[in-house]
Amino acid sequence: MKQDIIKFDENIYQIDVFMENKPGRMSCYYIDSTNPILIEVGPSKSFPYLISSLESLGINEVKRSAMTHLHLDHIGGIGHMVEKYKEHFVYIHELGIKHLPNPEKLWKAVSEVYTEEWLTTNWGEIKPTPINNLRSLKDKELIDLGKGRKLEAIYGPGHAKHHYTFYDEYSKTLFMGDTLGLIYPHGNFVQPNLPPPDFNKEVLFNTLDELYKLDLNYLALAHFGIHNNPYELIINAKQNIEEWIVFINNLNDMSDEFAIESIRSWVRGNYEFLNIDKNTIDNYINNANFEMQINGIRNYLINKKNP
Ligand SMILES: [Zn+2]
């Protein structure tokens, strides 16, 4: 087993896929039950890391996977996966069935946010996935993990309208995708992740309130890792989202550059006040993409005024 893999509960593996060649940015999970499943594949460029990690666990064939949502840091490697394992199938929101066989439109939409050059360099190009390798999810669908163990797919919009979380009642683990936000290693603090065009506070809070009612031991985040204080983190995420919305609302029509600088120094100040160590703060600040957060919140506020 490679050093950067963490085993928890009896047979769940947290796999760091070195997104953008950095540790602690993107986790995929493998539930090695009687009928195993992979959760998230990560971006295209991370696919070799994912496969070598699985092979280090003695897993030489991955039969199926479940995707939390259609953002390319989560699903970019699917085309590579079905090319390597022809029988592999992927559980995904029905929009995935629409876009993944011909991913040009999805690629173009994401390029408008990140630029094509950035995407190609950092996450890698995506390959089409044949429709026969895709299965659309339904809310509350139960995926069989063997010996009576089930993984429940829970529709959870707010971060994205095509978002599912996955709940394993047996280990009381909720695989969160990006519904909660970001927690980088050593931080016990949730940084909001509220991209346009889908971020909607009321919808996201409804989702978080629903998830809060589950019997939980662990939250497994894509960015990043397993956490054993699920209820505190959900409360913390909601508080921080409220604060960010108020802050960005008060920036009014300040130029983008100015707004980005303002939120960056405000966030840094908040973290310093909490005595979070400098490395963790830098990790948050460097990876936050404040422009996307500002656009996501402004887009939500505009839609709220003019529904
Ligand atoms: Zn993500």
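Normalising by the residue count of the range 15-120, find the relative contact order in percent from Cα pairs under 8 Å and 6+ residues apart.
21
Could you list the trypsin sites (Lys or Arg not before Pro) in the range 98-201 that lie in coil according to DSSP, counting only those with at most 15 other Cβ atoms within 10 Å of their Cβ?
Filter output for the range 98-201: 138, 140, 147, 172.
Counting Lys +1, Arg +1, Asp -1, Glu -1, what net charge surrounds residue 104 among other residues with beta carbon under 15 Å of its beta carbon?
+1
Cα extents of the chain along the three principal axes, largest first, in whole Å?
Computed over the Cα atoms, the extents are 52, 39, 36 Å.
If you build the convex hull over the alpha carbons only and average its shadow over all orientations, what do you get for the range 248-307? Give it in nm² to one decimal.
Average of the hull's projected areas for the range 248-307 equals 4.4 nm².
Which is the longest stretch in the chain that no exposed loop site breaks, taking sites as GluC sites (Glu not before Pro) with a DSSP loop state and at most 16 other Cβ atoms within 10 Å?
Answer from the scan: 170-307.
Could you list 180, 274, 137 in order of exposure, starting from the residue whose Cβ has the fewest other Cβ atoms within 10 Å?
274, 137, 180
Is there a pair in 63/147; 147/213; 105/201; 140/238 whose C-alpha atoms are over 19 Å apart, and which pairs would that be?
In this structure, 147/213; 105/201; 140/238 lie more than 19 Å apart at Cα.
For the range 1-92, state which trypsin sites (Lys or Arg not before Pro) are in a DSSP loop and have at most 16 other beta carbons lying within 10 Å of their beta carbon.
Taking the range 1-92 and a limit of 16 other Cβ atoms within 10 Å, the loop trypsin sites (Lys or Arg not before Pro) found are 2, 63, 86.
For residue 149, what is the net charge nearby, where nearby means another residue's Cβ is under 10 Å from its Cβ and Lys, Arg count +1, Asp, Glu -1?
Net charge in that neighbourhood comes out at -1.
No lab work stands behind these numbers, since they all come straight from the coordinates. Not measured: the values here are computed from a predicted model. When we count neighbours, we look across all protein chains shown, and the Cβ atoms used for this are built from the backbone with ideal geometry, even at glycine.
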